[in-house]
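Okay, structure first, notes after.
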Amino acid sequence: MTQQVSQSGLKQQVGRAALDYVEAGQIIGVGTGSTVNCFIDALATIKARVRGAVSSSEASTARLKALGIPVFDCAEIDALSVYIDGADEIDPHGCMIKGGGAALTREKIVAAHAARFICIADESKRVEVLGRFPLPVEVIPMAARYVARRFAAGVCGTRGDAILRLRDGKPLITDNGQHILDVRGLHIADPLTFEREVSQWPGVVTVGVFALQKAAVCLLGTQGGVRTLSF
Ligand code: 5RP
C-alpha cells in the first residue's frame with residue numbers, strides 16, 4: 001500500500017523542484033507563504049550560487065535574511081529572470097488568486113519585474129474557475145465599504161460578499177498600511193477582464209487576481225509526484 005503524501009510534504013516537494021528554475025549568479029524574485037517558505041529553505045542550500053533575492057513581504061525578507069540570503073530592494077532592480085511564488089488557486093490557463101497571506105500588492109510588483117512567474121502549489125490549489133477561495137482585495141481603508149458595495153452590485157457577471165479581514169479582532173494592516181477585503185461567492189470566468197475592471201475602482205490598491213501576471217509554469221505537487229504545467 002502506498003502512503004499518501006501530506007499537504008506539507010507536497011509543498012516541500014515543489015519548493016525543492018523550483019530550484020531547477022534558479023539560474024546561477026541571478027537575483028531571484030521570492031513570494032510569500034508556507035509553500036514559498038519551503039522554497040526559501042531549499043534556496044538556502046544553494047545560496048552560494050545566487051546573488052540574492054528580492055522579497056514580496058516582511059515575512060519572507062526575515063526568513064531569507066535569517067538563512068543568510070542577501071535581500072535586495074525591489075526599487076534597485078531593473079529586471080528579474082524568475083519570480084517564484086505560491087497561489088491560493090490556479091486555473092487551467094495559469095491565472096491565479098493570490099493574497100491569502102495579505103502580501104498581494106508586493107507580490108504583483110515583484111512579479112511585474114520578472115520574465116517568468118513560476119507558481120509552486122499543491123494539487124488542492126488547482127481549479128477549473130477562480131473564485132472558490134475568497135478573493136483578497138487590498139484597499140485604502142476609507143474605500144472599504146464602497147468597494148464592498150461594488151462587489152455586491154456585481155462585476156463581470158458575478159457578485160460577491162466582501163468581508164474585512166481581521167487579526168486579533170482588529171482590521172488586519174498590510175505591509176503597506178492598508179486593509180484587506182475577502183470576497184466570497186465569486187465565479188471569475190474571465191480573469192483578465194475582471195482584473196482590469198476591479199483594478200480601476202477608486203480605493204482598490206490591488207486585486208488578488210493575477211491574470212496580467214499569470215504563471216508561465218506551475219510546479220504542481222501531486223500524489224504522483226511534481227507535475228510541470230506550462231501555460
Ligand atoms: C500570499 C499568497 C500565497 O502565495 C498564497 O496565499 C498561498 O499560500 P500557501 O503557500 O501558504 O498555501 O498569495 O499573499
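Which members of segment 46-96 meet the condition of being among the acidic types (Asp, Glu) and in a loop (DSSP other than H, G, I, E, B)?
Across segment 46-96, the qualifying residues are 73, 78, 88, 91.
Can you name every residue in segment 1-33 that is of a type in the set (S, T, N, Q) and open to solvent by less than 80 Å² (accessible area, probe 1.4 Å)?
6, 8, 13, 26, 32
Of the residues 45, 2, 61, which single one is over 21 Å from residue 218 (Cβ atoms) and not assigned by TED's automatic domain parsing to the domain that holds residue 97?
The conditions single out 2.
I need the full set of residues from segment 34-56 which are open to solvent by less than 30 Å² (accessible area, probe 1.4 Å) and out of contact with any helix residue (DSSP H, G or I) (no Cβ under 6 Å at 6 or more places or on another chain), in order please.
36, 43, 44, 46, 50, 52
Checking residue 38 against (1) in a loop (DSSP other than H, G, I, E, B); (2) under 20 Å from residue 116 (Cα atoms); (3) within 13 Å of the ligand (Cβ to nearest atom), which single condition isn't satisfied?
Evaluating residue 38 over (1) in a loop (DSSP other than H, G, I, E, B); (2) under 20 Å from residue 116 (Cα atoms); (3) within 13 Å of the ligand (Cβ to nearest atom) leaves (1) as the failure.
Out of all the residues in segment 128-164, which are crowded, with 18+ Cβ neighbours inside 10 Å and under 30 Å from residue 221 (Cβ atoms)?
Across segment 128-164, the qualifying residues are 130, 131, 133, 134, 135, 136, 137, 138, 160.
Tell me which of these residue 50 doesn't satisfy, since it passes every other one: (1) more than 14 Å from residue 28 (Cα to Cα); (2) out of contact with any Ser or Thr (no Cβ under 6 Å at 6 or more places or on another chain).
With respect to (1) more than 14 Å from residue 28 (Cα to Cα); (2) out of contact with any Ser or Thr (no Cβ under 6 Å at 6 or more places or on another chain), residue 50 is out only on (1).
Just to verify a result, which residue in segment 3-35, among those that are farther than 14 Å from residue 82 by Cβ and in a loop (DSSP other than H, G, I, E, B), is farthest from the ligand (Cβ to nearest atom)?
3
The values are calculated or read from the model by the stated rules, or taken from the named source; none is laboratory data. It should be emphasised that the depicted structure is a prediction, and the values quoted were computed from it without experimental measurement. For neighbour counting, all protein chains shown are included, and Cβ atoms are generated from backbone atoms with ideal geometry for every residue, glycine included. What goes into the accessible areas is simple: the full protein's heavy atoms, side chains included, and nothing from ligands, DNA or RNA. Shrake-Rupley method; radii C 1.70, N 1.55, O 1.52, S 1.80 Å.
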